[in-house]
Amino acid sequence: MCVETKMLDENDELLRLQSRFSLDKKGNCKWKFVLIKRTDKMKTNLKSLLKRMLTMSLVLTLVFSLTNTTFAEQETWNKGEISSFVPSFEHQTYESSEWTKSLVDLYQLNWYENPSRQVLKGEFMLVQLRVIQAALERQGLTILSVENEILNFKDNDTLPAAVQEEAKILKSLGILSGTPEGYMAMTNPIKRSEAAKVIATFNNKVLSINSIKSPKVFTDTKGHWSEHNISIAYQISLLNGMSNTTFNPDQSLTLEQTLQILENEIGYGGIRRVDIAKAMNETFNVTVNTDLSNNIIFKNSYVKYEEKMKTYGFYKMYDNQSAKSDEAVTKAEALKLALSVTLNTDELDGYSEKDEEYPGAIWVNYAKTMGVTKEEINITNYKDKATYIDVISYFEACKVLLKKDLPVNSVEVYLKDMSTYKAEEQVAIKDMVANKIIYLLTDNLNANDYIFKGQLNELAVNYAQQYNTIVEMGEQINKSPEKMPSNASLFPYILTNIDKSIYEKPFFSRDHKASMTAKDLYITRKETFPQAKYISEEFFKDILNIDYRTITVESFKKSLSRYMIFAANDKSIEEYVKYVKENEVIMKGNAQFQSPVFYYDGVTFRTRLKLDFEVINSKTNENLLYPDLNDSSASIYGEKKYTIIVDYYLASSTGNGNMYIVKHELYDAILDKENCRITKELDFKLNKTSAYPGDSFAVFVSNTNSAENFSVTAPFYTNKIRFYKYKDGFIGLIPIYAWSTPGKYQVKATNSQTKLLTTLDVEILPKAFDVQYLKVAKSTVAIKTTNNSAKDQVYFDAARANPIQEKLWDGAFIQPVKGKITTEYSATRYTNDNPTPSRHLAIDIANISGTPIMASNNGKVVLAKELIITGNTIVIDHGLGVFTSSFHLSKIQVKEGDFVKKGDIIGKMGSTGYSTGSHLHFAIWKDGTFLNPWTFFENDPIEFK
């Protein structure tokens, strides 16, 4: 493990405090923590400095002088009143009160003052210093000290002698600078912005924590004097915002927030909870268990390398496919990993794992063939553990032999055991150090110790990123926090030559459950990324470079057939070539894959491309590109030059798994349609112009990739009309209430981008419904109460809360059972002597008890349960917000979560719940409205003729 901290000597020269964790040959953990020098001169200065270091003590005096009375009158602390956001794990964020409560238990902590009180500047600076001092002292190392530093503040005498020595250290580090008037002002409350400066300075001079998160500017920190410090504190995850958007820079830091900051420092510079407990005891009026034994030394240190190993797919090279940091490594595994990282592959062409004599044998043999190793690794010893020097040698050999364009560099290193390594091993060490693949953490490398996966993960990831082995030749992985996009976690890596705004453009998604981010896809199918780049760039190279004087049907078809999953259609090719010649179209352009933006939208793969093209000549401005002919609505090219970003369609062949282009209109794939200067008007269609109450109108909207780009309203329907992605557009059903007034109406469709209003004329036809008089036993009537209805409704609401976003049904629905129709849809019912009628919004089909009931169409069972009023009940989600319900069954023969097909038996007819005899109550529900089942039996409700 590499942990490095930095400090300055009395000549302001940089010293490094470094630590290393390793396994010896007996498998025991070794932890070393020493100060490293750069030159012989610096070595002499350091020795001189160490001789002058003093042991710090008696630090409680300041604490009592600062805190005894200042906050005596604070209100009683109430957990939860103070809320700040603390580091999150993936998408889960914990509020401060919740986290602090767990820390109170963990530290066995007792507050003797208000933990939500303001922390003083002196307290915060000192507790930070004392944590580091405690970590050094606990490990038997020399604590930080300084000589010849002068405190020249006007309020020096307010500090006890022991604390003045600590203040000198703080001043030498640049943490204590004082006010413009010349005061330390240690007793002033510290603002969150000032705390961020202390954290940022300590990190720069001592802790050296690498950025964990992408840069972020809060809404209330832009232009603030401490904006840079706040950004650093946020990136290293020590001090976060009070919300996702605000930081409150001028709000005072609280005691509980200070504990959270210290907790996040565990693992850096060898800090443990026992060190924090000691420093808290010395600085604040609390009691903390200082006997805590905390082995979480490596918090966040190796986790990121484990995650990168998974992202890059390198974890597969370990026999158990685990990159867990504390596991040992065999020589065969180390060789596999060195080759895999260098070649960016998890399989060797021409080799088959079924022929392996032992795990990793083909990789070992390949390594021998290429000269990476001369060791005799075979079936008898392939499980032998690898040492650190083995790994360094393997990776260096791979670089020299397989990446010959990479130079071998050298830098002076200071190792007591350097002479114990072979000449070529020394060259490898110096090259690795020069290129920041490994770090010299002590004055002994101890490279003959067995390596563990944490070290190897770190070396492998550094090697891959430094030498850019996981990207195309000439591409560089971005390491600058300033250039990192806010959604960097969605990608396996970020390139320097692509602007972060390109990465931040959202992905298309047609099925959220099945979709995969670029990072997800890289983990599972990284071998397809080069294919995606080649296929998509070459395809657009052919369709962007068009010249009516030279194009022929044969040549154009031959070009496209190389990239498309299905052979280019002869007729469409002929039409396009004819169109180009008639309109004398000449275009030139280029396409560049925006690596690694390649993802799965749930239906097709998408590759992000930057298209630069120019219309040099054309008699028309419509449908200039071949994909435009795939859509009935013309694409209008109003300019001559274009630079657009598209997420174009690819599919994977079921035969060989290779990627191919899927023909789609270009406009649908454009990400920034509002500014691309290629236009289309939305197309609104109705499946019919007249219908009866209880029926519905289907509306299909095309030429848009988002339902947010339009709205549809109807005067006869008061609820929101919901739209779902369907085919190449969006589909919505407008229910017609059973009690709707017949007449002519206008459905209004509005393009929210152009504000263009389209009116569609429809008519609701008159229809008479039955009237029914029932005599029901009082005992049965007693079941149907408001209370019982509410209890049942809870289950129906839950079942319909998250409708499936795709169409599951196929064609018209079927009548679920044969029998006598005892009550029609929308019949008006009078029960007993009740003068108030009810409307029956379903159909009742009677037959003998036990008659099989069928699924009316394909769908997913979302409710299968006995309820009070409806008895044994089944609800099926057919997608797009359409649900069917079957009530009063004698038996349920499916369970929730089952997918059923049209005609499948789901239960048996009965008379359970509020029922006067064996029958099926069958209903169809859409967005809160029950529709007439007969209209669904006659036709597919979204069929367009």
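Near residue 330, the amide H atoms lying under 5 Å from its own belong to 386; only residues 5 or more places off or on other chains count, and H is placed 1.01 Å from N. Note on surface exposure: 503, 183 rank 183, 503 by accessible area, highest first, 1.4 Å probe. Of the three principal axes defined by the Cα atoms of region 302-469, the extents in descending order read 46, 33, 32 Å. In a simple Cβ point-charge model (Lys, Arg +1; Asp, Glu -1; nothing else charged), region 610-741 has a dipole of about 240 debye relative to its Cα centre. For the peptides 938-944, 390-396, 597-603, the ranking by packing is 390-396, 597-603, 938-944, with the highest mean count of neighbouring Cβ atoms within 10 Å listed first.
Kindly flag which residue pairs out of 578/610; 578/640; 168/213; 688/818 have an alpha-carbon separation exceeding 25 Å in this structure. Mind showing how you got there, number by number?
Details: 578/610 28 Å; 578/640 22 Å; 168/213 33 Å; 688/818 29 Å.
Violating the 25 Å Cα-Cα cut-off are 578/610; 168/213; 688/818.
In this view, the solvent-accessible surface of residue 236, computed with a 1.4 Å probe and all protein chains in place, comes to about 0 Å². Highest mean packing first, where packing is the average number of other Cβ atoms within 10 Å per residue, the peptides 793-799, 397-403 line up as 397-403, 793-799.
One Cα centroid belongs to region 161-226, the other to region 121-137; the line between them spans 13 Å. When Rg is the radius of gyration of the Cα atoms in region 759-830 and Rh is its Kirkwood radius, what does Rg/Rh come to? Across region 759-830, the Cα-based Rg/Rh ratio is 1.05.
How would you rank 141-147, 198-204, 923-929, highest first, on the average number of other Cβ atoms within 10 Å across their residues? Don't skip to the end; give the middle numbers.
On the way: 141-147: 17.4, 198-204: 22.0, 923-929: 20.0.
Those peptides, ordered most packed to least, come out 198-204, 923-929, 141-147.
For residue 789 and residue 828 in one chain, what is 0.36 nm times their gap in residues minus the Cα-Cα distance, to one decimal in nm? Don't skip to the end; give the middle numbers.
Values: separation 39, 0.36 × 39 = 14.04 nm, distance 1.95 nm.
This chain segment gains 12.1 nm when fully extended.
Once you divide the Cα radius of gyration of region 771-938 by 2.2 N^0.38 Å, the number left is 0.98.
Only Lys, Arg, Asp and Glu carry charge here, each on its Cβ (+1 for the first two, -1 for the last two); on that basis region 683-764 has a dipole of about 120 debye about its Cα centre.
Past 31 Å, Cα to Cα, is the threshold; run 310/399; 316/860; 403/479; 571/748 against it and keep the listed order. Over 31 Å apart, Cα to Cα: 316/860; 571/748. Classify region 683-764: rounded, prolate or oblate, from the alpha-carbon gyration tensor (a ≥ b ≥ c, eigenvalue square roots; a/c under 1.5 rounded; otherwise prolate if a/b is larger than b/c)? It comes out prolate by the Cα gyration axes.
Rg and Dmax of region 185-267, both derived from C-alpha coordinates alone, stand at 11.9, 34 Å. Under a 5 Å amide H cut-off, with hydrogens placed 1.01 Å from N, residue 679 pairs with 636, 638 among residues at least 5 apart or on other chains.
Scanning residues 5 or more positions from residue 616 or on other chains, those with amide H under 5 Å from its amide H are 586, 587, 588, with H placed 1.01 Å from N in the peptide plane. Label positions at residue 711 and residue 727, each projected 7 Å from the Cα along the C-beta direction, are separated by 2.7 nm. Which pairs in the list 404/557; 533/755; 205/404; 619/663 are over 30 Å apart, alpha-carbon to alpha-carbon? Beyond 30 Å: 404/557; 533/755; 205/404. In order along region 756-766, phi translates into HN-Hα couplings of 6, 9, 10, 10, 10, 7, 9, 9, 9, 8, x Hz, rounded to whole numbers, per the Karplus curve 6.51 cos²θ - 1.76 cosθ + 1.60 with θ = phi - 60° and x for Gly and Pro. Projected onto its three principal axes, the C-alpha set of region 834-903 covers 43, 30, 21 Å, listed from the longest axis down. Given +1 at the Cβ of Lys and Arg, -1 at the Cβ of Asp and Glu and no other charges, the dipole of region 185-267 around its Cα centre is 220 debye to the nearest 20. Where a ≥ b ≥ c are the square roots of the eigenvalues of the C-alpha gyration tensor, would you call region 510-680 rounded, which needs a/c under 1.5, or, failing that, prolate if a/b is larger than b/c, or oblate? Cα axes put region 510-680 in the prolate bin. In sequence order, region 390-402 has phi-based couplings of 4, 5, 4, 5, 4, 5, 5, 5, 4, 5, 5, 8, 10 Hz under the Karplus curve 6.51 cos²θ - 1.76 cosθ + 1.60, θ = phi - 60°, and Gly or Pro positions carry x.
Backbone geometry of region 824-841 corresponds, through the Karplus equation with coefficients 6.51, -1.76 and 1.60 at θ = phi - 60°, to 3J(HN,Hα) couplings of 7, 4, 6, 5, 8, 10, 10, 10, 6, 9, 6, x, 8, x, 10, 9, 8, 9 Hz, x marking Gly and Pro.
The values are calculated or read from the model by the stated rules, or taken from the named source; none is laboratory data. Keep in mind it's a predicted model, so treat the numbers as computed, not measured. Methodologically, a virtual Cβ is constructed for each residue, glycine included, from the backbone with ideal geometry; neighbour enumeration extends over all protein chains shown. Side chains included, ligands, DNA and RNA excluded: accessible areas come from the protein's heavy atoms. Shrake-Rupley method; radii C 1.70, N 1.55, O 1.52, S 1.80 Å.
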